[in-house]
């Protein structure tokens, strides 16, 4: 295992990008999908027991096509999850349960960002960003260590099999996986409302954060959007707004009701996308994805969005919300991903935790 020091001094330490590393797009073939099994009742107050049917179905659908590595809190949870998944017919040959101390289920944000290398096909790495639970909103001391636990697990497996070990980069700043989206061709999407929020990295300017995004994700071009949707406690993660679906196409959430709180927010982001350029100089094709009906619980509006889909090896798994718009969203996603099977899974209870399937998952690309 190679531990790379803090990269703030680029004059003495070549950045991951300078070494040929980059984050591939989510649609690139996966070695596995990483999850952290839910257990924190405070994330789903009063109804955590209602989420497991949908969550376990998510695992079952994933395991039809790829390995699913699941962080579990302790040995007792490992045994219980093993029994529960076996009971619903999950392909357990594709399930790996790793005892990993953690605070919560949001693996997109506390899990590692996996990098491949353009120069050396046998090198791969993770970025071990600092994680502060979206600006210090929740306990996160265990979650902040999850990337290192995953790297340790993968390196033990690699050493036993003679495969390449994983390298680790430590930027030393706060970043979450759901705050960015990439096409693997030099372009990266993010929002000012999240990455410029003073509860993340108040000592850094927008230009400095852009440099980190380029150095550690291998980006050439950062597209900055504005605000996130109403109810999103992450301060505006882009994976609820806009996503790359191929190198030149971005799908983006739009609200059709002009009286809805999200209408102006999403129209503003749509306008930004329609005026931006990609690293290759092209204007991206922009596909509009409707928002679902308002989803609320206990008097609180929740950040329900179809944009929080996950691109698996042979499928696209997207959240549904028991409304007629679910079918429209499925049709649009089928048009966008003609080579993948689009699967909708009910997220009406899961979204009470303020996230859905993309927030819960992190892809590990196949080393080729």
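The values are calculated or read from the model by the stated rules, or taken from the named source; none is laboratory data. As the structure is a computational prediction, the values presented were derived from the model and not from experiment. Cβ sites come from the backbone with ideal geometry, for glycine too, and all protein chains shown count toward neighbours.
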Quiz item: Restricting the first residue to the range 15-32 and requiring it to be in contact (Cβ under 8 Å) with a residue 24 or more places away in the chain and at positive phi, which pairs with a second residue that is surrounded by fewer than 18 Cβ atoms within 10 Å (Cβ to Cβ) and assigned to a loop (DSSP other than H, G, I, E, B) meet a Cβ separation below 9 Å and a spacing of at least six or different chains?
Solution: 20/118; 20/119; 20/120
Self-check item: Odd one out for residue 104 among (1) touching a helix residue (DSSP H, G or I) at 6+ places or on another chain (Cβ under 8 Å); (2) over 17 Å from residue 37 (Cα atoms); (3) part of a loop (DSSP other than H, G, I, E, B); (4) touching a residue at least 60 places away in the same chain (Cβ under 8 Å)
Solution: (2)
Quiz item: When residues of the range 186-212 are filtered for being closer than 13 Å to residue 22 by Cβ and surrounded by fewer than 19 Cβ atoms within 10 Å (Cβ to Cβ), how many remain?
Solution: 1
Quiz prompt | Complete set of residues in the range 321-356 that are crowded, with 18+ Cβ neighbours inside 10 Å and in a loop (DSSP other than H, G, I, E, B) | solution = 321, 337, 340, 347, 348, 349, 354, 355, 356
Quiz item: When residue 299 is evaluated against the numbered criteria (1) modelled with pLDDT of 95 or more; (2) more than 20 Å from the chain's Cα centre (by Cα), which criterion, by number, is the only one it fails?
Solution: (1)
Quiz item: Of 99, 90, 146, which residue is crowded, with 17+ Cβ neighbours inside 10 Å, more than 30 Å from residue 195 (Cα to Cα) and in contact with a strand residue (DSSP E or B) (Cβ under 9 Å, 6 or more places away or on another chain)?
Solution: 90
Quiz item: Any idea how many residues of the range 280-291 are within 15 Å of residue 187 (Cα to Cα) and either assigned to a strand (DSSP E or B) or more than 22 Å from the chain's Cα centre (by Cα) (or both)?
Solution: 6
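Could you check how many residues of the range 214-258 are in a helix (DSSP H, G or I) and surrounded by 21 or more Cβ atoms within 10 Å (Cβ to Cβ)?
Within the range 214-258, residues that are in a helix (DSSP H, G or I) and surrounded by 21 or more Cβ atoms within 10 Å (Cβ to Cβ) number 5.
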